[in-house]
Amino acid sequence: MKPAISSLRAESEDLALTPSDFDPRLHQQMGEVLAEVRNLRDAFRASEVKSDASRATMHQRMDQLVDRVGKVEGNVAAVQEDISEMRPVTDDVKRWKLMGLGAIGVIGIGSMALGVTFADVIRRIVVAVIAR
């Protein structure tokens, strides 16, 4: 045998555990560590289940929001169509209003002229009756 291999065998024989090297406290501590590892795995699984449920709920809400936004977009498009149909009517009503205001102005001026003429005629009649 080579010297390096024989020295490794000697070292491994020195490291071999004997029955007196087993400490019950070591076994207890190893058992506690193993139990904690199992508890951590269970906690991780529970956390994953909760996370999955939370993500599923979040995706469901997002889907609902997408549906609602789609409906709102459809309604907005319909409202825009209605507005585009109403615009000519509104413009006509504004034009009629302006025409009506103009007509009222013309009628007012005509009425004023008629009133002045009527008043002048009455004044001339009164002057003619009194002067007689």
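Computed from the coordinates by the stated procedures, all read-outs in this text should not be read as laboratory data. Note that the coordinates shown come from a computational prediction; the quantities given were computed from them, not determined experimentally. Using ideal geometry, Cβ is built from the backbone for each residue, glycine included, and neighbour counts are taken over all protein chains shown.
Worth a mention:
- In nm, spacing of pseudo-spin labels at Asp42 and Gln28 (7 Å Cα→C-beta vector): 2.2 nm
- Rg over Rh [alpha-carbon atoms, Kirkwood Rh] for region 22-131: 1.89
- The equivalent ellipsoid that matches the C-alpha gyration tensor of region 70-132 spans semi-axes of 59, 7, 4 angstrom, in descending order.
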